[in-house]
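The values are calculated or read from the model by the stated rules, or taken from the named source; none is laboratory data. No experiment lies behind these values; they were computed from the predicted model shown. Cβ placement follows ideal geometry from the backbone for every residue including glycine, while neighbour counts extend to all protein chains displayed.
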Amino acid sequence: MSNPSISRAGRRALIGALAAAALATGALAAAPAATAQPSATPPGHAHAEAAPASDFIVKFAAGASAHGQGRAHAWGAIAAQLGLKPQEVRELATGATLVSAGRELDPAESVAFVQGLLASGVVEYAEPDVVFTADLTPTDPRYAEQWDLAATSAGMSLPAAWDRTTGAGVKVAVLDTGRTAHPDLDANMLPGYDFISSTTRSRDGNGRDADPQDEGDWSAAGECSTGSAAKNSSWHGTHVAGTVGAVMSNGAGVAGVAAGAKIVPVRVLGKCGGSTSDIADAIIWASGGTVAGVPANPNPAQVINMSIGGIGACPITYQTAIDAAVARGATVVVSAGDDATDASGQRPANCDNVVVVAASDKYGSLASYSNYGSAVTVTAPGGGSGGGILSTLNAGTTVPGAATYGTKQGTSMAAPHIAGLAALLKSANPSLTPAQIEALIQQGAKPLPGGCSLGCGAGLADAAATLALVPAPQP
Ligand SMILES: [Ca+2]
Ligand SMILES: [Ca+2]
Ligand SMILES: [Ca+2]
């Protein structure tokens with residue numbers, strides 16, 4: 001059975017569009033009766049839905065079987081034209097008949113077949129026997145708190161997109177503070193790598209190594225810069241990874257945007273941050289490139305998330321690494337920054353070849369802290385007024401403690417929503433290039449319900465609308 005599943009919402013939209021087209025052209029009205037039939041027969045009508053189908057539901061006109069070639073006359077002409085040998089399968093409780101076309105018809109053939117049936121004059125209505133499925137709704141106990149994923153004006157409308165794919169076959173590299181053990185993440189985690197060269201930053205007693213465990217990024221007052229405040233460990237990488245790919249419907253916690261994808265945790269941020277040189281090497285390695293002294297990445301990523309930022313121009317080293325990753329087919333998603341200013345002053349948001357993500361709040365407005373402006377590609381939920389983004393976390397204040405959940409807000413939280421959406425697109429059609437993925441995300445976006453005068457890119461990302469733009473791969 002190769003029929004794609006079609007959500008109720010998607011089907012309604014499609015029917016609505018086709019009905020409008022039919023009204024405009026009159027193409028779907030039944031042709032005048034060419035054979036004798038009762039004059040009381042109601043005018044034919046159809047959902048000439050452009051869906052692939054092998055079976056069709058056909059309501060023959062009363063008395064159709066009593067005349068001449070009878071019911072087979074209904075498909076004689078169009079069956080010959082399309083090279084079909086239709087057969088009646090069974091009567092339905094509605095009084096209509098299920099008719100097999102004998103093979104799967106593509107969407108255009110499907111419409112032609114229905115129109116041909118109507119043109120016969122012995123059919124009241126006909127429509128493809130399309131497949132329905134329920135929108136995939138995760139059963140995770142805290143999914144109800146994930147307003148950012150819901151099909152609401154401020155949410156990204158993931159459930160209908162998940163009908164199509166949850167990201168299977170795609171790997172997303174999360175360049176961040178590393179990973180912590182978590183029952184809602186472990187099953188989706190690939191080995192990854194630790195790119196922190198400085199033993200001061202790394203806290204694991206050495207430079208680069210194969211274990212991207214997050215050792216904690218806490219710092220004492222004044223330790224990171226003059227006057228810097230003391231801070232507890234953020235477990236930023238654990239939170240970002242959960243938004244991309246927390247395990248769905250496992251009876252625990254939350255669901256990720258692309259729970260069917262796998263995450264490659266790449267540790268680049270430690271105590272007081274990370275260096276350009278380490279981050280650039282990590283970008284190259286994550287996308288499958290060669291880094292001296294580091295074993296080849298057995299899991300090259302098709303999407304790279306960098307919820308990372310700083311003030312200043314895009315370093316040449318960054319741009320070179322990003323260009324190389326994109327050339328290898330990786331979509332590079334970055335946060336716009338949290339300074340409530342134009343993102344053009346924030347790196348890597350001001351680099352070329354990146355998808356730059358601003359943050360919206362629970363009211364669908366640009367979040368108060370979010371950067372904005374012409375550098376922004378698209379906006380995604382990042383939390384703020386009304387509530388934060390719930391994801392996986394760790395309870396440790398310094399070193400890793402127990403796995404837990406919690407909310408954070410920031411463009412760092414918005415970016416992984418788009419990295420996840422890019423993974424869904426890549427899963428739906430693996431031949432999509434980074435440029436096509438960026439264009440589709442923009443094309444599918446909707447205006448921010450709260451408005452945005454400062455520059456939110458193409459608008460608020462809408463996963464359902466974006467996935468609907470993706471043609472299935474050609475066989
Ligand atoms: Ca190390
Ligand atoms: Ca390590
Ligand atoms: Ca879960």
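Quick check on residue 148: is it charged (D, E, K, R), in a helix (DSSP H, G or I) and either within 16 Å of ligand 3 (Cβ to nearest atom) or over 26 Å from residue 302 (Cβ atoms) (or both)? Considered against the rule, which asks whether it is charged (D, E, K, R), in a helix (DSSP H, G or I) and either within 16 Å of ligand 3 (Cβ to nearest atom) or over 26 Å from residue 302 (Cβ atoms) (or both), residue 148 comes out as yes. Return yes or no: is residue 136 away from ligand 2 (no atom under 16 Å from the Cβ), at pLDDT 90 or above and either of a type in the set (A, V, I, L, M) or not assigned by TED's automatic domain parsing to the domain that holds residue 53 (or both)? In short, no.
Rundown of residues vs (1) within 17 Å of residue 419 (Cα to Cα); (2) in contact with a strand residue (DSSP E or B) (Cβ under 8 Å, 6 or more places away or on another chain); (3) in the same structural domain as residue 420 (by TED's automatic domain parsing), yes/no style:
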| residue | (1), (2), (3) |
| --- | --- |
| 244 | yes, yes, yes |
| 253 | no, yes, yes |
| 259 | yes, no, yes |
| 275 | no, no, yes |
| 278 | no, no, yes |
| 287 | yes, yes, yes |
| 290 | no, no, yes |
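Yes or no: residue 282 under 26 Å from the mean Cα position of the chain (by Cα), within 15 Å of ligand 1 (Cβ to nearest atom) and under 19 Å from residue 324 (Cα atoms)? Yes, satisfied. In the set 124, 109, only one residue is of a type in the set (Asp, Glu) and out of contact with any helix residue (DSSP H, G or I) (no Cβ under 7 Å at 6 or more places or on another chain); that residue is 124. Taking the listed residues 394, 429, the one that is of a type outside the set (D, E, K, R) and either within 29 Å of residue 340 (Cβ to Cβ) or not assigned by TED's automatic domain parsing to the domain that holds residue 456 (or both) is 394, with no other qualifying.
Restrict the check to region 277-285 and report whether at least one residue is farther than 27 Å from residue 328 by Cβ, more than 12 Å from ligand 2 (Cβ to nearest atom) and part of a helix (DSSP H, G or I). Within region 277-285, none of the residues are farther than 27 Å from residue 328 by Cβ, more than 12 Å from ligand 2 (Cβ to nearest atom) and part of a helix (DSSP H, G or I). One residue alone among 62, 30, 36, 40 is assigned to a loop (DSSP other than H, G, I, E, B), at pLDDT below 85, surrounded by 16 or more Cβ atoms within 10 Å (Cβ to Cβ) and at negative phi, and that residue is 30.
Exactly one residue out of 114, 130, 99 is part of a helix (DSSP H, G or I), surrounded by 14 or more Cβ atoms within 10 Å (Cβ to Cβ) and either assigned by TED's automatic domain parsing to the domain that holds residue 54 or not polar (S, T, N, Q) (or both): that is 114. No other residue among 270, 205 is buried (at least 22 other Cβ atoms within 10 Å of the Cβ) and assigned by TED's automatic domain parsing to the domain that holds residue 168 apart from 270.
If you check 253, 216, 237, 260 for being in a loop (DSSP other than H, G, I, E, B), within 16 Å of ligand 1 (Cβ to nearest atom) and touching a residue at least 60 places away in the same chain (Cβ under 8 Å), only one passes: 216.
Of all residues in region 311-346, those satisfying the criterion of being free of Cβ contacts under 8 Å to residues at least 40 places away in the same chain, out of contact with any strand residue (DSSP E or B) (no Cβ under 6 Å at 6 or more places or on another chain) and under 24 Å from residue 285 (Cα atoms) are 313, 315, 316, 319, 323, 327, 346. Among the strands (runs of 3 or more DSSP E) confined to region 341-440, the ones with at least 1 residues that are among the aliphatic types (A, V, I, L, M), out of contact with any Cys (no Cβ under 7 Å at 6 or more places or on another chain) and closer than 13 Å to residue 331 by Cβ are located at 355-360, 378-381. Criterion applied to 240, 174 was being under 25 Å from the mean Cα position of the chain (by Cα), within 16 Å of ligand 2 (Cβ to nearest atom), crowded, with 24+ Cβ neighbours inside 10 Å and assigned by TED's automatic domain parsing to the domain that holds residue 294, and the one residue passing it is 174. If you go through region 180-220 and pick out every residue that is away from ligand 2 (no atom under 16 Å from the Cβ) and touching a strand residue (DSSP E or B) at 6+ places or on another chain (Cβ under 7 Å), you end up with 7.
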